[in-house]
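These notes concern the structure reproduced below.
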Amino acid sequence: MAEPALYPWLQPSFDHLDALRRDNRVPGALLIQGGQGLGKRSLALHFAARLLCLEPIDSSPCGVCQGCHLFKAGTHPDLKILEPEEVGKMIKVDQVRKVIQDLSLMSLYHGYRVIVIDPADQMNQNAANALLKTLEEPAPKNLIILVTHRPHRLLPTIRSRCQTLSIARPEKGIALAFIKEKTTISSPERLWTCAEGSPLRALEMAEKGLLGLRDQRFEAFRGVLKGREDPVAIAQTWAEESPVETLDWVLSWLLDMIRLSLSDEGPELLNQDLGEALKDLIKGLEVVDLIHYRDAVSGSRAQLETPANRQLIFEAVLIRLAALTHFERSVQRPKGPST
Ligand SMILES: [Zn+2]
């Protein structure tokens, strides 16, 4: 494991955690929540590295002691990372039991024992219940860090036993400075907008060339809505390449379309670069249809995390998108509630 970076916008959060450590007030369970691409996990690991370092320099791990060596090798016996065995799968109860069992042993270095659970919302019901028992009886110098961008999916009983640390999107200036430092992209501001203000998401988009893909997806989205593109053919393309990113973009366009429909005063948009195009798209659409449609797409987004057939998921999304203009208003509505 490489030394976890402490991104500039996370410094205040780290300082807060480090102050807890200095005051001997590190909680038994910490919930780090906030949007994707903000470095929540790296913050958890950086704090773990600090706790496990044997000869820290002020608030930083020294990088050379045995604790730091083991940390960097990913073999520190007092650090466990609990994550799904495969991306998108759930964290199982056996995995939770195993780390809890390890936690009950003495620290090999007489210091902290740290478990990082990421993403914590991927624990299945049994796994969450197994964890809950441990949270109810915290042991000294044991720290469980739950990391999630979907805290509402955690059991309320788990949430209530954690001290919460919310990570906010960094200010535009800080994020842009970071993006400019890390990429050679010619349009950092547009990248920042498309990544919805998440700096790490922006880097990922730059690396994977997702900015161009998003443009293509938006053209297809517009084409289907305007009846120029075949929803089934587009569904095939979308299901094959970057399906998750694609649906997240669709959801954010729809949210902006709803905002534009509800406000005459130039609402703040997630997709500022698409403002005019989105304004054009909402012409003739009913906001209530958009809201219902967005709910349906949210459901489809959840289905993407199951083994369900992706082609069918996207066909449902796109056929209904086409129907927003070509079916619901011209065919369904006039029939009235009796149908
Ligand atoms: Zn060290």
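The values are calculated or read from the model by the stated rules, or taken from the named source; none is laboratory data. On a predicted model such as this, the values are computed, not experimentally measured, just so you know. Backbone-built Cβ (ideal geometry, glycine too); neighbour counts: all protein chains shown. The area values use the complete protein model at the heavy-atom level, side chains included, leaving out ligands, DNA and RNA. Shrake-Rupley method; radii C 1.70, N 1.55, O 1.52, S 1.80 Å.
Descriptive notes on the structure:
- Dipole magnitude of the stretch 8-167 about its Cα centre (Cβ charges: Lys, Arg +1; Asp, Glu -1), debye to nearest 20: 260
- Taking the protein heavy atoms of the chain in the context of the full set of protein chains, the accessible area attributed to carbon and sulfur is 51 percent at 1.4 Å.
- Gyration tensor (alpha-carbon) shape descriptor, the stretch 209-338, a/c threshold 1.5: oblate
- Per residue accessible area in Å² of the stretch 209-338, where ligands, DNA and RNA are left out and the probe is 1.4 Å: 49
- Highest-fluctuation residue, ARG153, ARG41, ARG294 considered, GNM on the chain with Cα pairs under 10 Å: ARG153
- Cα lying deepest toward the dipole's positive end in the stretch 1-93, options GLY34, ALA5, CYS68, charges on Cβ: GLY34
- Bins of 5 Å from zero: percent of alpha-carbon pairs in the stretch 88-166: 3, 14, 29, 26, 17, 8, 2, 0
- Modelled label reach - LEU262, point 7 Å along Cα→Cβ, the stretch 273-295 residues with backbone N closer than 13 Å: 287-292, 294-295
- Comparing PRO156, SER166, PHE221 along the charge dipole axis of the stretch 146-248, the residue lying farthest to the positive side is PRO156, per the Cβ-charge model.
- Only aspartates and glutamates eight or more places from LYS98 in sequence, or on another chain, were considered; those with a Cα closer than 13 Å are GLU83.
- The chain - share of DSSP beta bridges that are antiparallel (%, nearest 5): 5
- Gain on full stretching of the segment that runs from GLU207 to ARG153 - 0.36 nm per residue minus C-alpha separation: 16.4 nm
- Between ASN124 and VAL87, residue separation times 0.36 nm minus the direct Cα-Cα distance comes to 11.9 nm.
- Segment GLU241-LYS172, length gained on full extension (0.36 nm per residue, minus Cα span): 21.9 nm
- Equivalent ellipsoid semi-axes, the stretch 8-167, via Cα gyration tensor eigenvalues times 5, rooted, Å: 23, 18, 15
- Per residue, the solvent-accessible area of the stretch 8-167 (1.4 Å probe, heavy atoms of protein chains only, all protein chains present) comes to 48 Å².
- Distance between modelled label sites at SER186 and GLU276, nm, 7 Å Cα→Cβ extension: 1.9
- Sequence of HIS149, HIS46, HIS292 when ordered by accessible area, the most exposed leading, probe 1.4 angstrom: HIS292, HIS149, HIS46
- C-alpha center-to-center spacing [the stretch 253-306, the stretch 131-202] in angstrom: 25
- Computed over the chain, the P(r) curve from all C-alpha pair distances, binned at 20 Å from the origin, holds 26, 50, 22, 2 percent per bin.
- Take the Cβ atoms of THR164 and ASP230, set R0 to 56 Å, and the FRET efficiency comes out at 0.75.
- The charge dipole of the stretch 209-338, taken about its Cα centre with unit charges on the Cβ of Lys, Arg, Asp and Glu (plus for the first two, minus for the last two), comes to roughly 500 debye.
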